[in-house]
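What follows is a set of notes on a single structure, which appears directly below.
Readers should treat all values here as calculations from the given coordinates under stated rules, not as data from a laboratory. Just so it is clear, the structure is predicted and the values come from calculations on it, not from any experiment. Using ideal geometry, Cβ is built from the backbone for each residue, glycine included, and neighbour counts are taken over all protein chains shown.
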């Protein structure tokens, strides 16, 4: 797809998630296909990191066995660092940081937690893989690839916790923003 | 070549997406500078291909070694299959860039025990993930980059798995992965090739 289309969907997804309603300026910029709209792409990824961070924080309120708890604790720490890094990157670009949505996570047991963790981490990896080739800055590309590698390691870890295949496919294909939005929309509190 | 207007990378179709994207472009003259850019990307792809050849050979030999059985053997065979697909995709990518694929290296691996093999695989997979990460900023072609990231994250999954099998942390460098340079990677590759 064109970069303009990707950006448009990304900004719509991020705006919808944060419920800002202030979509118009993002849309206009995306449609203008200006160079340096990396901030919008980063805000899309940041929205995902907010989601994952919130998800693991919520998981720690559940009754988890020691191994699942240790995993949730470590992953929570990582996602928090990813949030900080992406927020800082957006600010450095002179962009406005996306607002953190309010989430509603349905998992109540360890089994449900692990199952949802697999879905979210797999989605995260593919979202990054769709976004990275759309970035214009090489520095930002390097930084986001540094993060996606960790998300992929997370994905393998939670899949192993579930007792399944850590790497289900030979390629982690890209997802575009509207596909990601479809996965995360049910988790956003309205 | 307006690669950005190509159909988007389909899940699990990254390999064929590369080849399909190239079809129909043969009539258009290459824009100035394209050849140099393609050659630079081809060098990067060949570098990745060298690693994938090695990993593939290691997993095939591991599967045949008799040291693995049951679900572990299945895992080794699955990872071998992944590396084969990576080899196929990267070979096609080099061709599409107008380059020649690097010759398959001859591997030299310790195969005496399950632990020896796992340690070698763990080393190569973590190195491979760092290698792809190190090259990500250098790739020029958007389709090549899309393929590279699609493979990079799978190498990371492999690395995390091998780390777990050896009771090591899935994320040895914490919240952020670290890149390796081509020189650093090739030095280690040299240890495992004849």
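Just a few scattered comments:
- Diffusion coefficient, µm² s⁻¹, Stokes-Einstein with Kirkwood Rh over alpha-carbon pairs of the range B:42-194 at 37 °C and 0.692 mPa s: 211
- Judged by the gyration tensor of its Cα atoms, with axes a ≥ b ≥ c, the range A:35-190 is prolate; a/c meets the 1.5 cut and a/b is the larger of a/b and b/c.
- The modelled label-to-label distance for the pair residue A:70/residue A:119, using points 7 Å beyond Cα in the direction of Cβ, is 2.8 nm.
- In this structure, residue B:36 and residue A:92 have a Cβ-Cβ separation that, at R0 = 35 Å, corresponds to a calculated FRET efficiency of about 0.65.
- Remark: the range B:32-127 projects, on average over all directions, an area of 6.2 nm² (convex hull of Cα atoms).
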